[in-house]
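One structure is given below, encoded as structure tokens.
The values are calculated or read from the model by the stated rules, or taken from the named source; none is laboratory data. In this text, all values refer to a predicted model and were calculated from it rather than measured experimentally. We place every Cβ from the backbone using ideal geometry, glycine too, and count neighbours over all the protein chains shown. For accessibility, only protein heavy atoms count, side chains too; no ligands or nucleic acids. Shrake-Rupley method; radii C 1.70, N 1.55, O 1.52, S 1.80 Å.
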Amino acid sequence: MKVVLVAVLLLAVATGHTTALLRGNACRPGRKDGMVTVYEDGYGDGWVSGSVGTNLTVYSTSAVRAGTQTTMVGTTEPFGEFSLVRSESLVSLIPVCTESVLDMWAQGSFLSKTSIVLRSREYGAVSQAVPIFSAEPEAIIHSHVFNGTFRVQGPDAQNWFRISINLEAIKTDNLPPPTWDTIAVRDESGLGFTTMISSMHILPNVPVIKEQLQDCIGTVCNPVLASASVFGLVQSSVNPRMVPIFGFGPTAGNGEDRLHDDVTGEGDLVSNSLLVEGITHQEVMNFCASILGMESAEDARRVMDRSIEMIESRANRGEGALGACFLNMIDVEVALEDPEGPSEWPILSIMAFSYKNMTKIRKMALGILEWMDKDGEVSQADGGSRRPASPFVQDDDLSPASSDCPGLPWGLSRLDQYLLPLDMLYNVSSNGSSVHVYVYVVDSGVSPHADFGNRLGQGVNCVSGTCALGNSLDDTGHGTHVAATIAGSCFGVAKGAIINPVKVFGPAGTGTYNSVIQGIQWAVMTTRVNKWPAVINLSLSGTKSTPLNIAVRTATEKGLTVVTASGNDYFTNACTKSPASSEFAISTASSNRDDLASSFSNIGPCVSMWAPGEDIASADASNLDGGWTVKSGTSMAAPHVSGAAALYLGYNTSASPLQVRNILFHASVSRNLAPDTSKRLLTVLFEDEKAFLQQEM
């Protein structure tokens with residue numbers, strides 16, 4: 001729960017909202033009242049838990065930070081709340097001032113799953129909710145998002161972080177009430193969260209504290225605040241001994257075996273990790289070799305082969321192996337080509353065979369990895385089929401059939417006109433075939449439907465977390481439907497583009513961040529080798545993931561346009577999802593044939609534009625000889641945008657992702673479909689943007 005408090009202030013600092021508990025007339029500059037204990041071996045005077053949906057336990061014999069006697073551990077249920085409340089007189093017992101420093105030791109999974117609100121029971125006031133989703137690992141470790149108002153130290157040998165927050169620097173848009181008396185942390189993920197608090201104190205306005213905070217801007221600071229000893233606070237060595245890790249909840253176990261999977265607590269632990277900038281290919285291979293228990297990485301292929309063997313075989317994994325790295329042939333080829341060159345891909349995914357092994361890997365990773373983040377699950381962003389595919393169904397989702405096609409999907413008709421009603425025509429001056437434009441469909445695979453003709457490229461399978469050529473047939477029908485909307489001869493926006501299947505979902509329609517990251521890397525590296533204009537379509541969604549968003553950013557920086565679905569959580573904020581929350585992706589929400597928002601679509605400031613996504617007819621993977629089916633979802637909206645991007649790359653093969661984004665934005669029509677969300681509705685009327693095109697080129 002101290003973790004909670006930390007989260008509260010951290011987020012507030014990030015967004016410029018006050019999170020200080022204060023009584024306006026009780027604090028004066030230079031005041032040096034004694035330290036206030038919120039928690040240390042029990043609650044401080046006047047502090048209690050006001051939590052709803054949180055199970056609190058105090059451990060006295062395990063999970064305790066060195067030098068303390070107890071640790072408060074809280075598990076908050078989905079959409080529950082953890083809160084700390086002052087229980088006594090509001091007049092005299094709220095000594096927290098804006099000239100104070102909040103100082104605490106904490107760990108837990110709350111950093112990416114919660115939002116904070118402050119309350120005043122006396123005045124009935126509630127602050128604006130401050131989401132902690134922006135407090136990503138990269139920001140926390142480097143403290144660059146929070147403008148020097150706090151510092152993070154650690155982890156120490158027991159994985160504890162020390163967080164110090166200068167409350168004086170926290171601002172608010174409006175005048176706060178005279179007294180805040182409650183700090184509440186709310187679950188926003190629907191998954192719940194876990195926190196551990198060793199101690200939490202509020203220190204008075206001592207100049208040395210503020211000076212040291214200012215000296216620590218932009219880095220993880222060491223050593224511990226010197227002034228802490230003045231107040232008798234327990235100190236602990238925070239010289240980094242292990243790479244920080246996020247997303248794993250704490251355990252009550254002793255010693256170094258302290259990581260616990262929030263879901264099962266068993267099995268292999270997979271993390272997606274950020275490489276230290278400038279690390280070389282050879283250093284990455286050497287690190288992976290050491291995880292595998294190999295003496296050297298003289299042959300990168302041996303490292304990859306051994307890693308794949310370890311990942312695929314749960315039995316007889318060999319003595320000395322702590323885990324394995326998820327490596328692809330493309331990694332090996334680049335490493336062999338330029339071993340001393342800097343790594344071109346920032347994310348390294350690692351599997352540890354046990355909690356103790358993960359701890360050992362974290363120690364070995366110093367100087368190699370910035371941080372590690374627990375792998376998670378993504379799923380197809382669709383709402384399923386509306387009705388079975390049948391050539392005999394009379395369906396108004398298709399216009400009258402041509403000689404070769406069953407009809408024209410309404411979504412295509414919407415793209416080449418500014419206003420309704422639909423004319424049920426689709427006319428574009430280019431189909432994307434003037435040059436080879438490749439679209440990587442990172443999905444459930446793509447089956448060889450007649451709608452693709454000979455434009456289905458070589459597929460790759462990344463379901464296991466390592467990408468291998470072949471076996472990219474569609475298990476669910478999702479990827480085939482998506483791909484045909486992009487480039488099908490009957491159902492597609494860019495009827496001449498080439499589809500490259502990247503399979504990351506199995507039969508259940510779910511996959512992992514790791515698999516998606518590997519698939520994105522495959523697209524980036526093969527594009528690097530072949531130098532063709534390319535688009536990546538990600539019709540998938542999961543909870544917010546820093547590593548996945550970094551992968552999207554890297555792909556964009558390498559010249560690939562990335563289009564994502566906003567997600568289907570019924571008007572949920574897309575900023576809480578990945579990859580939709582990436583500012584580098586074109587995040588797409590779903591509209592219907594009346595230019596209204598689809599009820600299932602996510603919305604919010606992270607949405608880039610709208611596109612048809614409701615009742616979309618496209619290829620049916622269960623009937624490869626021209627069969628079609630109807631699906632709905634932001635998964636169906638994103639491929640319309642990917643097809644439009646491929647069309648534009650047919651006009652301008654050297655266009656950067658920013659130029660592609662800009663032309664799509666400029667060619668869109670304005671529609672106000674949802675609050676706090678983009679008003680851009682996709683069209684492919686590029687011919688009306690010639691002046692803009694010339695300016696951008």
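Here are some notes:
- For segment 581-617, a residue qualifies if it is modelled with pLDDT under 95, in contact with a Leu (Cβ under 9 Å, 6 or more places away or on another chain) and assigned to a strand (DSSP E or B), and exactly one does: ALA617.
Yes or no, residue by residue, for (1) open to solvent by 10 Å² or more (accessible area, probe 1.4 Å); (2) among the polar types (S, T, N, Q):
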site: ASN272; (1), (2): no, yes
site: SER296; (1), (2): yes, yes
site: ARG302; (1), (2): yes, no
site: GLU312; (1), (2): yes, no
site: ALA324; (1), (2): no, no
site: PRO339; (1), (2): yes, no
site: PRO342; (1), (2): yes, no
site: LEU366; (1), (2): yes, no
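- Tally, over segment 654-686, of residues that are of a type in the set (D, E, K, R), over 30 Å from THR527 (Cα atoms) and surrounded by 17 or more Cβ atoms within 10 Å (Cβ to Cβ): 0
- Some residue of segment 426-440 being part of a loop (DSSP other than H, G, I, E, B), touching a residue at least 40 places away in the same chain (Cβ under 8 Å), of a type outside the set (A, V, I, L, M) and surrounded by fewer than 16 Cβ atoms within 10 Å (Cβ to Cβ): yes
- The single condition among (1) surrounded by fewer than 24 Cβ atoms within 10 Å (Cβ to Cβ); (2) touching a residue at least 60 places away in the same chain (Cβ under 8 Å); (3) within 18 Å of the chain's Cα centre (by Cα); (4) closer than 19 Å to ASN662 by Cα that VAL563 does not satisfy is (1).
- The residue of segment 368-388 that is modelled with the lowest pLDDT, among those that are crowded, with 18+ Cβ neighbours inside 10 Å and in a loop (DSSP other than H, G, I, E, B), is GLY383.
- Taking segment 618-697 as the region of interest, the helices (runs of 4 or more DSSP H) fully inside it that hold 1 or more residues being modelled with pLDDT of 90 or more, over 19 Å from LYS495 (Cβ atoms) and touching a His at 6+ places or on another chain (Cβ under 8 Å) are 634-651.
- Looking across segment 532-541 at every residue that is open to solvent by 10 Å² or more (accessible area, probe 1.4 Å) and not polar (S, T, N, Q), the one that is nearest to ALA585 (Cα to Cα) is identified as PRO533.
- Output for segment 283-294, where each listed residue is open to solvent by less than 50 Å² (accessible area, probe 1.4 Å) and either in a loop (DSSP other than H, G, I, E, B) or of a type outside the set (Gly, Ala, Ser) (or both): VAL284, MET285, PHE287, CYS288, ILE291, LEU292, GLY293, MET294
- Residue among GLY479, GLY445, GLY511 that is in a loop (DSSP other than H, G, I, E, B) and buried (at least 24 other Cβ atoms within 10 Å of the Cβ): GLY445
- Inspection of segment 597-606 finds no residue satisfying the criterion of being open to solvent by 10 Å² or more (accessible area, probe 1.4 Å) and at positive phi.
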